[in-house]
Each structure stands twice: as structure tokens, then as C-alpha cells.
Amino acid sequence: MKVEEWEKEDEEFKEMRRSKADWEFINAQPPHIRAALIYFIERGDRYVASRIAGLSLDEFDEIRRRAKIPVVV
Amino acid sequence: MRGVADACFLIDWSRYRRRDLLEKLFNLILIHEETLLQLRSPPAIEYTSSLLASGLLRLYPWSSDDEKQYNKLREEVSLDPRLPSLERPDLLCLVIAHRTGSILLSENLGVLRVTQFHPLYSRVKVWTSLEVLENSVYSGLTDIDSLDEFLEIVREYEEDARHIFNKKRLDTVAKRVSEWLRR
């Protein structure tokens, strides 16, 4: 797969995460959790998002689920 | 069949209503100690502990040679702007899968992309949960009579794990399943 195809895929995935997200829930979170969720929407990377949130990978994933942000693969 | 599981795969799969499929499909699944340490939530811990207790899941004995291979891979991919960030636990799983000839169970986009271009790691077979569901059909563990039934199973997984499989990959898998159904 070419880099251009990856970039196109990244944009599609980002839009899917953004459109499914519960923004009311996200905006009600403390700043570091909100930042982590927004990072996840932008990049789809649970590991780095969990580091931003200061949580373990699956503690962050629980919040991701509550924020209704899908993992897109 | 032998696999290597990363943390994201186990976290997601532990939420799935038909998660026992994995135990029937694989004889052995290897896990790195650092992957195990990433798991904290009750569903993931309980599920992983039950797999360890049953003997299906086993800690991989990491060696200094493995560490050398990891360092080489890290140097090759960590600064590659084409790839999403790849952290140590993701790469450890890729190294184990390569060294043991196992299927890598992963939901990590960066790992999938490494295997699309890297001369050495393109030999590693990576399955997301979608390919696990697909192969459960071929092995007779999931009984379906139509493609719609398979897509319903995929939809259940997406609902339980809060996942979306991208259309291109889903279409590719659906085509293979349709061909299998016609045999």
C-alpha cells in the first residue's frame, strides 16, 4: 500500500471516530482526559492516549468506550 | 495453531460475547510480560487469567537475542513518518511472532502497516479480530449458511468491542467468506 493510500485511510478513520464520538461526554471530562480522547480521535493510538490521560491502556479504553469512540482498523 | 497476543487485542476480545472461540481456534497463545502488565481492567484481567490458568496463554521467555532484534526493529521504524507511533509493547509482539512463526493477534494499525512493507516482518501473519472471526468459520467453529450471518457475527463483535472494521478490509474478508460458502 502506498503512503498516499495510508493518508487517505487515516483521514477516513479519523472522520469515523469523530462522527461517532459523544462530544457532550468528552467535553464534560477533566482537561487531561479530554485531551487524551481528542488525541485518540485524531490519531487512533490508544497507547499514547493512555499516556496523556495518565491511565493504563485498558483504563483509558474504558473511557474511550464510554465516549463512544470506535477503534477503526 | 499458535498465536501471539497484544494488549489491545486482549482488551477488545475480552468484551466479546463469543470470546471462547479463541480457545478453540488456537492451541497456544504467547504473551510478553510487558503486555500482561498493560492489562488492568477487571474484564481483561479476568479473561487473561482464565486463559493463563487453562494453559492456552503462556508467558514468552524473552531472551537477549530477542532484545537485539527488537532494538534493530525499533531503529528501523520508530522514526518512520509513514507509520503511526509504535511503542515498545507493540514491537515486542511483532518480534515474538516473527521468531516463533506465530500469528500475531493485534488491533494496532502501526503494526499492520509495518507488515505491509518491511522485508523481514512482511512474513508475519497479522490477524485482527475480523480474521479470527473469519477463520472460526473455516475451521467449523462458527456455523453459518450465508454471508449475512457472518456479517451479523461481525456486527456483534463491533458492538461488544466498540469497533469498526474499515470497509475495504471487511469487503475483502466478505469476498473470501462468500467464496468459501460456494464451495
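Residues in the range B:61-110 that are open to solvent by less than 10 Å² (accessible area, probe 1.4 Å), in a loop (DSSP other than H, G, I, E, B) and out of contact with any Cys (no Cβ under 8 Å at 6 or more places or on another chain): 1 in all. For B:GLY110, the conditions (1) out of contact with any Asp or Glu (no Cβ under 6 Å at 6 or more places or on another chain); (2) among the small types (Gly, Ala, Ser); (3) within 24 Å of A:ASP45 (Cβ to Cβ); (4) in contact (Cβ under 8 Å) with a residue 40 or more places away in the chain are fulfilled apart from (4). The set of residues in the range B:20-41 that are open to solvent by less than 80 Å² (accessible area, probe 1.4 Å) and outside any helix (DSSP H, G or I) comprises B:ASP20, B:PHE26, B:LEU28, B:ILE29, B:LEU30, B:ILE31, B:HIS32, B:GLN38, B:LEU39, B:SER41.
Here is the figure for the range B:139-183: residues that are of a type in the set (A, V, I, L, M, F, W, C), closer than 21 Å to A:GLU12 by Cα and either exposed (fewer than 14 other Cβ atoms within 10 Å of the Cβ) or in contact (Cβ under 8 Å) with a residue 40 or more places away in the chain (or both) total 3. Can you find, within the range A:34-73, the residue that is surrounded by the fewest Cβ atoms within 10 Å (Cβ to Cβ) among those that are part of a helix (DSSP H, G or I), of a type in the set (A, V, I, L, M) and at the interface with another protein chain (Cβ under 7 Å from one of its Cβ atoms)? Among those residues, the one meeting the criterion is A:VAL48.
When you look at A:ILE26, is it within 22 Å of B:LYS167 (Cα to Cα) and either open to solvent by 70 Å² or more (accessible area, probe 1.4 Å) or modelled with pLDDT of 95 or more (or both), yes or no? Give the steps one after another, and end with the answer.
On the way: within 22 Å of B:LYS167 (Cα to Cα): no; either open to solvent by 70 Å² or more (accessible area, probe 1.4 Å) or modelled with pLDDT of 95 or more (or both): yes.
Answer is no for this residue.
Scanning the range B:129-183 for residues that are within 12 Å of chain A (Cβ to nearest Cβ), on the phi < 0 side of the Ramachandran plot and outside any helix (DSSP H, G or I) yields B:HIS163, B:ILE164, B:PHE165, B:ASN166.
If you go through the range B:1-19 and pick out every residue that is open to solvent by 40 Å² or more (accessible area, probe 1.4 Å) and either within 28 Å of B:TYR70 (Cα to Cα) or more than 14 Å from chain A (Cβ to nearest Cβ) (or both), you end up with 5. Applying the set (1) touching a Phe, Trp or Tyr at 6+ places or on another chain (Cβ under 7 Å); (2) within 30 Å of B:ARG74 (Cα to Cα) to B:ARG123 leaves exactly one unmet item: (1). The set of residues in the range B:111-120 being open to solvent by less than 50 Å² (accessible area, probe 1.4 Å) and either at the interface with chain A (Cβ under 10 Å from one of its Cβ atoms) or of a type in the set (A, V, I, L, M) (or both) consists of B:VAL111, B:LEU112, B:ARG113, B:VAL114. Filtering A:PHE13, A:PHE25 for residues that are in a helix (DSSP H, G or I), at the interface with chain B (Cβ under 9 Å from one of its Cβ atoms) and in contact (Cβ under 8 Å) with a residue 40 or more places away in the chain leaves a single hit, A:PHE13. What number of residues within the range A:48-73 satisfy the criterion of being modelled with pLDDT under 95 and in contact with an Asp or Glu (Cβ under 6 Å, 6 or more places away or on another chain)? The qualifying residues number 1.
Of everything listed in (1) open to solvent by 70 Å² or more (accessible area, probe 1.4 Å); (2) farther than 26 Å from B:ARG113 by Cα; (3) within 11 Å of another protein chain (Cβ to nearest Cβ), the single unmet condition for A:PRO31 is (3).
The values are calculated or read from the model by the stated rules, or taken from the named source; none is laboratory data. The structure displayed is predicted, hence computed values, not measured ones. Here the Cβ is made from the backbone with ideal geometry for all residues, glycine too, and neighbour counts use every protein chain on show. To get the accessible areas, we keep the full protein, side chains included, count just its heavy atoms, and leave off ligands, DNA and RNA. Shrake-Rupley method; radii C 1.70, N 1.55, O 1.52, S 1.80 Å.
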